[in-house]
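Since every read-out is calculated from the coordinates, none of them should be taken as a lab result. Every value quoted in this text rests on a predicted model; they were computed, and no experiment measured them. Cβ coordinates were reconstructed from backbone atoms using ideal geometry, including for glycine residues, and neighbour counts include every protein chain displayed.
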Amino acid sequence: MKTNRKYLGLVTKKFNDFFLVDLKNQENSGNNEKFLCKVKKSINFKDQLIYVGDEVEIEKIDFKSKRAVITSLKKRKNLLVRPSVANISNIYVTFSVNEPELNFSQVNRFLISAESMEVEVSLVLTKCDLISEKRRSYLIDKFEEWGYQVITLNLQKFDCFKNLLAELKQKECSIFMGPSGVGKTTLLNMIIPGLKNSTAPVSNKIKRGKNTTRNVELFSLSNMSYIVDTPGFNMQPLEVDIKLLPNLYSEIYKQVIEEGVKCKFRNCLHLKDEGCNLNKSFERYSFYKEMIESSKSHYYRNQED
């Protein structure tokens, strides 16, 4: 059966000139129909490429052969650079507490990189079976001071991430971001039945894992809820206006926005600025200062070039 009616679809996979598109049907709980699509030849999306995660309109649908044609591209909310995936709603920054050992400066950079995407950011700690309960409590308290409710996991026990799975099913499109070897692939294998991505052990020499995933693809978790399977999603390049960087730190945002702390100048960077009234006693201030100085150096180098 064929129809010329237009349908809204979601690109879940891309290969060569073909796209796998889920028909967005609110009544079809988690079992969305998939169609193999090509872009209509006469259509020019103003030189834009179509990415996994994009919403598109499809026509000339053949329900028997499961083929259709993409005729328009909807405006996207955001776009990750590496891997290329659009319209992310939630980023789960994922780190292991051991093997490889937790690096707080690195955790901070990943969190700020995720915050710059203007999506909901969560922090996941894996391999919690490798540390004591006292250490786990310490890490939970530390990251709560940073402004994050921490999800702690033991990937050897399914019960440990039942709550995480239930949470993911309430999100529109989630992605795990973190360095290699922290258990992202293992986690995805447990969340997505039948995925069976290969995993690689942590290198004894360099103390980090190898990227094992290859293709970017969206998998449905529930009615219109997806998770991204990515090729070793690491940290996005942080390209943000230096004046906006303070807003990405919850400790600064809370003081300025919620508590109404005012500095002498509106564009105060909270370093040694005249009339700065920010309380700088929070733990991440040293990380913040490093990022500001690094951003300044990068800016001036580009100006000279």
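Values for this structure:
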read-out: Phi to ³J(HN,Hα) by Karplus 6.51 cos²θ - 1.76 cosθ + 1.60 over the range 4-17, Hz, x for Gly, Pro; value: 9, 5, 7, 10, 8, x, 10, 6, 9, 7, 9, 8, 6, 9
read-out: Order of Glu251, Glu133 under a 10 Å beta carbon neighbour criterion, fewest first; value: Glu133, Glu251
read-out: Semi-axis lengths (Å, descending) of the ellipsoid that matches the C-alpha gyration tensor of the range 48-198; value: 34, 18, 13
read-out: Cα-Cα over 26 Å, subset of Lys13/Lys169; Lys171/Lys280; Lys13/Lys77; Lys74/Lys171; Lys13/Lys75; value: Lys171/Lys280
read-out: Proxy reagent accessibility, fewest Cβ within 10 Å first, across Lys75, Lys127; value: Lys75, Lys127
read-out: P(r) weight above 15 Å for the range 242-304, C-alpha pairs, percent; value: 51 percent
read-out: Exposure proxy ranking, count of Cβ atoms within 10 Å, fewest first, for Tyr138, Tyr249, Tyr285; value: Tyr138, Tyr285, Tyr249
read-out: Point-charge dipole on Cβ atoms (K/R +1, D/E -1) for the range 85-140, about Cα centre, debye to 20; value: 180 debye
